[in-house]
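Presented below is the structure to which this report refers.
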């Protein structure tokens, strides 16, 4: 599915609302200012995305399933080195280790959990959908996080890619928020979102 400019703007606006809420929550929880931004979004067919390399080259991932009118799986993927450094900063851990221990993995899992829930919650609120969420899981191989337990359903699935930039104490991390939908799920989401936007404009 290709987004037209109106659909892309509507989707970006709602995602940015969720990102803003996630940044505020993380800043309060971690006791330091965290800035988040989404410079670009795109939608692909799942198989096409895999054919282009998928999440290959990324180091760590936080994965969370969701169910509702549009069900699927959301994944925050980060490069290992910068993800590790961000976890060290947020956890007040001295630099030096090049491995993610249980504590640092837990910090990144919490970051991913808050961010994913904020974005999915924003999408649900904007479309009037009710979503239920599974427990977040942490992976060191994001590609396997998608392929080892595929999104339920068969056939071509849509995947939303939102580039994600973190800024923590002058330190920048670039990752991606991936939302893979069951077959037809992305169409359901976009149609509901655009219908809601249209109704809002008529009220004004």
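The values are calculated or read from the model by the stated rules, or taken from the named source; none is laboratory data. If you're wondering where the values come from, they're calculated on a predicted model, not measured in any experiment. So basically every Cβ, Gly included, is an ideal-geometry build from the backbone, and we count neighbours across all protein chains shown.
Given the conditions (1) in contact with a helix residue (DSSP H, G or I) (Cβ under 7 Å, 6 or more places away or on another chain); (2) at pLDDT 90 or above, and given that residue 113 satisfies all but one, which numbered condition is not satisfied? Residue 113 satisfies every listed condition except (1). Of all the criteria given as (1) modelled with pLDDT of 60 or more; (2) on the phi > 0 side of the Ramachandran plot, the one not satisfied by residue 194 is (2).
Do we have residue 90 as buried (at least 18 other Cβ atoms within 10 Å of the Cβ) and under 17 Å from the mean Cα position of the chain (by Cα) here?
Numbers: buried (at least 18 other Cβ atoms within 10 Å of the Cβ): yes; under 17 Å from the mean Cα position of the chain (by Cα): no.
No.
Somewhere in region 141-157, is a residue buried (at least 21 other Cβ atoms within 10 Å of the Cβ), closer than 14 Å to residue 63 by Cα, under 16 Å from the mean Cα position of the chain (by Cα) and modelled with pLDDT of 80 or more?
Looking only at region 141-157, we keep the residues that are buried (at least 21 other Cβ atoms within 10 Å of the Cβ), and these are 142, 145-146, 157.
Then drop every residue that is not closer than 14 Å to residue 63 by Cα, which leaves 142, 145-146.
Next, from what is left, pick out any that are under 16 Å from the mean Cα position of the chain (by Cα): 142, 145-146.
Within this subset, residues satisfying the condition of being modelled with pLDDT of 80 or more are none.
Taking every residue of region 141-157 in turn, none turns out to be buried (at least 21 other Cβ atoms within 10 Å of the Cβ), closer than 14 Å to residue 63 by Cα, under 16 Å from the mean Cα position of the chain (by Cα) and modelled with pLDDT of 80 or more.
Suppose the filter is modelled with pLDDT under 80, touching a strand residue (DSSP E or B) at 6+ places or on another chain (Cβ under 6 Å) and over 26 Å from residue 34 (Cβ atoms); does residue 182 pass it? Please lay out each step first, then the result.
Details: modelled with pLDDT under 80: yes; touching a strand residue (DSSP E or B) at 6+ places or on another chain (Cβ under 6 Å): yes; over 26 Å from residue 34 (Cβ atoms): yes.
Criteria met by residue 182.
Close contacts from region 1-22, counting a first residue that is surrounded by fewer than 18 Cβ atoms within 10 Å (Cβ to Cβ) and a second that is at pLDDT 85 or above and assigned to a helix (DSSP H, G or I), with Cβ to Cβ under 8 Å and a gap of 6+ residues or different chains, come to 3/11; 17/122; 17/126. Taking the conditions (1) more than 23 Å from residue 173 (Cα to Cα); (2) surrounded by 18 or more Cβ atoms within 10 Å (Cβ to Cβ) in turn, residue 125 satisfies each one other than (2).
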